[in-house]
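The values are calculated or read from the model by the stated rules, or taken from the named source; none is laboratory data. Computed from a predicted structure; not experimentally measured. No Cβ is skipped: glycine too gets one built from the backbone with ideal geometry, and neighbour counts run over all protein chains shown. Remember, those area values only see protein heavy atoms, side chains included, never the ligands or the DNA or RNA. Shrake-Rupley method; radii C 1.70, N 1.55, O 1.52, S 1.80 Å.
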Amino acid sequence: IFSTVAIALLLYYLIMQEASVDYDLQTKVRNRVSFEHEMRALEQRLHPLALFVFDVNNLKQTNDAWGHQEGDALLASVADLLTRVFAPKGKVFRVGGDEFCVLVETQEPTNCLTLLQRFKAAVAQTNEIRVPPISIACGYTCLDRTNKLSLSKAFHLADDAMYRDKM
């Protein structure tokens with residue numbers, strides 16, 4: 001019995017270790033390593049794809065004014081909102097300290113603006129009861145068979161759009 005329990009615990013530990021490689025423990029979404037793997041895998045596919053880039057505004061000010069625990073809670077709230085709004089087709093990634101990406105792969109062209117508006121509405125609703133409020137900059141690119149963008153170029157376009165939104 002002892003050896004069976006030991007093997008079960010070892011398997012559980014190995015599964016948890018493997019999961020932690022792909023997930024950000026703080027926000028419970030996929031991490032940058034997982035994002036890079038997903039981007040490489042998607043380069044080979046021809047399905048329409050929406051790529052969103054998000055950057056949390058004023059995280060440092062939140063940490064300074066409210067403490068790092070509140071900054072962590074802010075990041076977790078953003079990750080939760082992204083997951084709820086973009087599920088089930090969207091994959092959410094934390095790619096930097098306060099930066100997130102969402103990849104939405106579909107069989108038909110995606111209305112990126114509609115998805116972004118749905119996210120902004122969810123943020124506004126959350127901010128009715130959340131202190132400090134969530135402020136986030138957003139950018140996106142939609143790819144389909146008609147535009148011949150590489151995923152790398154699409155990511156840079158979405159990132160540029162996010163920085164324009166931040167300004």
**Request:** Could you grab me the full set of residues in region 38-59 that are surrounded by 12 or more Cβ atoms within 10 Å (Cβ to Cβ), out of contact with any helix residue (DSSP H, G or I) (no Cβ under 8 Å at 6 or more places or on another chain) and more than 12 Å from residue 132 (Cα to Cα)?
**Result:** 38, 47, 48
**Item:** Residue list for region 116-163, filter: open to solvent by 70 Å² or more (accessible area, probe 1.4 Å) and either part of a strand (DSSP E or B) or farther than 26 Å from residue 43 by Cβ (or both)
**Value:** 117, 118, 120, 125, 128, 129, 131, 133, 140
**Fill in**
Within region 60-85, the residues that are more than 9 Å from the chain's Cα centre (by Cα), open to solvent by 10 Å² or more (accessible area, probe 1.4 Å) and under 30 Å from residue 150 (Cα atoms) are 80, 84, 85
**Asked** For region 38-58, does any single residue satisfy the condition of being over 30 Å from residue 108 (Cα atoms) and either at pLDDT below 90 or not hydroxyl-bearing (Ser, Thr, Tyr) (or both)?
**Response** yes
**Asked** Is there any pair linking a residue in region 139-155 that is of a type in the set (Ser, Thr, Tyr) to one that is surrounded by 11 or more Cβ atoms within 10 Å (Cβ to Cβ) and part of a strand (DSSP E or B), with Cβ under 8 Å and at least six apart or on different chains, and which?
**Response** 140/50; 140/51; 140/52; 140/53; 141/50; 141/51
**Item:** Per-region count, region 86-115, residues outside any strand (DSSP E or B), of a type in the set (Gly, Ala, Ser) and either within 18 Å of residue 38 (Cβ to Cβ) or open to solvent by less than 20 Å² (accessible area, probe 1.4 Å) (or both)
**Value:** 2
**Request:** For region 22-41, indicate whether the set of residues that are more than 17 Å from residue 94 (Cβ to Cβ), out of contact with any Cys (no Cβ under 7 Å at 6 or more places or on another chain) and free of Cβ contacts under 8 Å to residues at least 12 places away in the same chain is non-empty.
**Result:** yes
**Asked** Can we say residue 108 is charged (D, E, K, R) and in contact with a strand residue (DSSP E or B) (Cβ under 6 Å, 6 or more places away or on another chain)?
**Response** no
